[in-house]
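Input: a single structure, listed below in structure tokens.
The values are calculated or read from the model by the stated rules, or taken from the named source; none is laboratory data. Owing to the predicted nature of the structure, the values given are computational and were not obtained by experimental measurement. FYI the Cβ positions are ideal-geometry reconstructions off the backbone, even for glycines, and counts take in every protein chain you see. SASA here: full protein model, heavy atoms, side chains in, ligands and nucleic acids out. Shrake-Rupley method; radii C 1.70, N 1.55, O 1.52, S 1.80 Å.
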Amino acid sequence: MLLRHAVDIRESEITDRALYLDRRRFLTLAAGAAGLALAPRPVQAGPLAGYRKRAMTVDDKPTSFEAITTYNNFYEFGTDKSDPSKYAPGVFVTKPWSVAVDGECGKPGTVAFEDLIRPVPLEERIYRHRCVEAWSMVIPWVGVPLAPVLKRFEPGSRAKYVRFTTLLDPKRMPGQSRPILDWPYREGLRIDEAMHPLTFLAVGLYGQDLLPQNGAPLRLVVPWKYGFKSIKSIVRISFVEKQPTTTWMEAGPDEYGFYSNVNPHVDHPRWSQATERRIGEFFRRKTLMFNGYGDQVASLYQGMDLRANF
Ligand SMILES: Nc1nc2c(c(=O)[nH]1)N[C@H]1C(S)=C(S)[C@@H](COP(=O)(O)O)O[C@H]1N2
Ligand SMILES: [Mo]
């Protein structure tokens, strides 16, 4: 993987940033105007201050803000890619927000979202994002590594896995009133995957707070795994001894495994995983093992049969 440093900000990136900040202002105005007819809307997004650009950044060109915020999977708001950006803003109020941390740890507790994140410095990481549906993006996340967040709760020796749970609230997540999935959405990682330095809790992208459609106020990002592992709008983090079942494993055990590592050699039963469509590009790309993060993560799976453990 190619790494880039803070000083190396290209001119095009600066221009892009000005453009999307402008776009933000426009969106805020548009939301304000639309809001006149509806109930008053709480402010959902704003610029994030004081984060640092760091390593763990890929050289691929970031996907546009427009595509990242309008082409989404968030079944709590519908199954079309355009549904989350249409139906989440305004309805999905994410302030205040708290996260419960429980299970096999010395210091369980419920903390406000801000207090969960604050002790760890914010950073920007540009990660590849590969959906199991064979499309991909490159997203400039802002957030914190997961490991220092978890360590505060003092996971014990029986904490072999971490389970994450999305909010359950059909009023704020109208798609939950239909039995599309077994709500709330749940995901899990092995503890060493959760503690890996690439594993990230995103609170923003392109320098501003996450919009509701991207999983505000905080969502997991595991860049070497298929996108569905990156659970959105987390309200509970549980340290557990046994491998948790995940929503997608329950929905389709032959199609979605616990590991879900990006692997061009293991096809989905209904389509190939050998290539992908990078949103915004014309030609398909070859899918990379572990989404191109093999140097960092392959050792986690040494000795495992990745066809059996898909
Ligand atoms: N709670 C929840 N989290 C979710 C999903 C979802 O439907 N509900 N979809 C997943 C899938 S399939 C993908 S590809 C990514 C999409 O993230 P994005 O819309 O921010 O690109 O979110 C993942 N996290
Ligand atoms: Mo996905």
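For region 180-202, a tally of residues being open to solvent by less than 10 Å² (accessible area, probe 1.4 Å) and more than 8 Å from ligand 1 (Cβ to nearest atom) returns 9. Considering region 245-265, the residues that are free of Cβ contacts under 8 Å to residues at least 12 places away in the same chain and within 14 Å of ligand 1 (Cβ to nearest atom) include one that is farthest from Arg125 (Cα to Cα), namely Gly252.
The rows are residues; the columns are (1) in contact with a helix residue (DSSP H, G or I) (Cβ under 6 Å, 6 or more places away or on another chain); (2) more than 14 Å from ligand 1 (Cβ to nearest atom); (3) touching a residue at least 24 places away in the same chain (Cβ under 8 Å).
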| site | (1), (2), (3) |
| --- | --- |
| Lys225 | no, no, yes |
| Phe228 | yes, no, yes |
| Ile231 | no, no, yes |
| Gln243 | no, yes, yes |
| Asp267 | no, yes, no |
| Thr275 | no, yes, yes |
| Ile279 | yes, no, yes |
| Lys286 | no, yes, no |
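Selection of region 141-156 for residues being buried (at least 19 other Cβ atoms within 10 Å of the Cβ) and part of a loop (DSSP other than H, G, I, E, B) yields only Phe153. Filtered by the rule that a residue be within 10 Å of ligand 2 (Cβ to nearest atom), open to solvent by 10 Å² or more (accessible area, probe 1.4 Å) and of a type outside the set (A, V, I, L, M, F, W, C), region 123-140 gives His129, Glu133.
Rundown of residues vs (1) within 24 Å of Ala134 (Cα to Cα); (2) in a loop (DSSP other than H, G, I, E, B), yes/no style:
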residue: Arg158; (1), (2): no, yes
residue: Lys171; (1), (2): no, yes
residue: Leu198; (1), (2): yes, yes
residue: Pro223; (1), (2): yes, yes
residue: Ile231; (1), (2): yes, yes
residue: Ser238; (1), (2): no, no
residue: Thr245; (1), (2): yes, yes
residue: Gln273; (1), (2): yes, yes
